[in-house]
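Any read-out appearing in this document is the output of simple, stated calculations on the displayed coordinates, not a laboratory observation. It should be emphasised that the depicted structure is a prediction, and the values quoted were computed from it without experimental measurement. No Cβ is skipped: glycine too gets one built from the backbone with ideal geometry, and neighbour counts run over all protein chains shown.
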Amino acid sequence: MMKTRSMTICSAFLALALLPALACNRNKSGAGGSAKLVKLAFVTNNPSEFWKIASAGIHKYEAEGKVQVDIKMPPNGTPEDQNQIMQNLVSQGYDALAVSVIAPADQTPVLDRLAEKTNLITFDSDADKSKRLLYIGTNNYDAGKVLGGEIVRLLPKGGKIAVFVGMFSADNASQRLKGIEAAIAGHGITIIDKREDNTDRSKARSNVEDIINANPDLAMVVGLWNYNGPAIAAALDGLGKKGKVLAAAFDEDDGTLDGIASGAIQVTVVQKPFMFGYLSAKWMHELATKGAAAKAALPSSGIIDTGVEVIDKSTVAPFKAKLAEMKKSS
């Protein structure tokens, strides 16, 4: 009896002694061990509904990669909010961050400091002068040219247009505008005004109303960010200008798609935010767990272009149905 009890006590002590080793093994990656426990975060540029689709892509990869990705949204959509979120994450030991950069020129010094401590990639809005490892998303200049081509088609005789966005300093906004300008050049189309709303939804609508009221010969209004489409549709409806002032937009906000269905908006160029989320999660996980091997596998350009699609009244219904399926998993 004493021998049995002694062996039991010894076994218990042995098990306790092995606990640190077992815990360590659970955090090792590679052959013979389970996947490393990693901390990953996806940081958007604002709390827009747009990110629900990206979240669905993240959740798909979470199930495949058996990993968790924390989604963070700057509540006021300011660079300062975003910087604070990223700095907090790095101080908490996050292994990789993906970020849609709000103001690339201003934030590059902060991004470079973060890149020294974690694996940093960008999506949606790039900071190509920073030390980020990869950009995942739309070639925004090309996307701007696509929308610019649609503007030319809708205004064959030319005309005056106005452009609206949260901040022109964001890479996606500035590149989209440059693409539009390139596409409309030589077609008699003039941008008479450009307005920022700093992610203030009320201002996004009032900006449109102010420009339309001040310019009775305005032919079209153009929104560059996700929430600008719904703001434009609401302004046109409220002013009784639906169909009289044409509208073009970016992204697939429900309000934008409803605006296309009702005739308030003629066209939108949509990105593929599901892939922003899915590929960001995948590459963060790879970089965090495979290190140099993952870095060697990065595209030489440092860019993964996810492409765009043009949606108008003839295609909006099937597109909305497809979108509803994606959102179910967000």
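Applying the Karplus parametrisation 6.51 cos²θ - 1.76 cosθ + 1.60 with θ = phi - 60° to the phi angles of the stretch 242-259, what ³J(HN,Hα) value in whole Hz is obtained for each residue in order, glycine and proline being reported as x?
Values, residue by residue: 4, x, 8, 10, 6, 9, 9, 8, 10, 6, 10, 4, 4, x, 5, 5, 5, x Hz.
Based solely on its DSSP helices, what 222 nm [θ] is calculated for the chain when runs of n ≥ 4 H residues each add -39,500 (n - 2.57) and the sum is averaged over all residues, nearest 500 deg cm²/dmol?
-16000 deg cm²/dmol
Is the C-alpha gyration tensor of the stretch 140-270 telling us rounded, prolate or oblate? Criteria: a/c under 1.5 is rounded; beyond that, a/b larger than b/c is prolate, otherwise oblate.
Rounded is the answer for the stretch 140-270, as its axis ratio a/c remains below 1.5.
If the only charges are +1 at each Lys and Arg Cβ and -1 at each Asp and Glu Cβ, what is the size of the charge dipole of the chain around the Cα centre, to the nearest 20 debye?
So the dipole magnitude of the chain works out to roughly 1240 debye.
In terms of the ratio Rg/(2.2 N^0.38 Å) built on C-alpha atoms, what value belongs to the chain?
That works out to 1.22 for the chain.
Starting from the Cα of LYS160, draw a straight line to each of the lysines and keep only those under 16 Å, dropping any in the same chain fewer than 8 residues away.
Leaving aside lysines fewer than 8 places away in the same chain, those within reach of LYS160 are LYS194, LYS241, LYS244.
Hey, what's the Cα Rg ratio for the stretch 247-330 versus the globular rule of thumb, 2.2 N^0.38 Å? Don't jump to the answer; show the numbers that get you there.
Numbers: Rg = 16.8 Å, N = 84, 2.2 N^0.38 = 11.8 Å.
Taking N as the residue count of the stretch 247-330, the ratio is 1.42.
Would you work out the relative contact order for the chain, in percent, from Cα pairs under 8 angstrom that are 6 or more residues apart?
Dividing the mean separation by the residue count of the chain yields 20 percent.
Go through 112-121, 279-288, 95-104, 53-62 and give me the packing order, highest mean Cβ count within 10 Å leading.
95-104, 279-288, 53-62, 112-121
In percent, what relative contact order does the stretch 140-270 have, based on Cα pairs under 8 Å that are 6 or more apart in sequence? Let's see the in-between values first.
Numbers: 262 pairs, mean separation 33.3, N = 131.
That works out to 25 percent.
Please state the charge dipole magnitude for the stretch 140-270, taken about the Cα centre, from unit charges on C-beta atoms (+1 on K and R, -1 on D and E), reported in debye and rounded to the nearest 20. Spell out each step's value before the answer.
Working: 14 positive and 17 negative charges, 93 e Å.
Using Cβ point charges on Lys, Arg, Asp and Glu, the stretch 140-270 gives about 440 debye.
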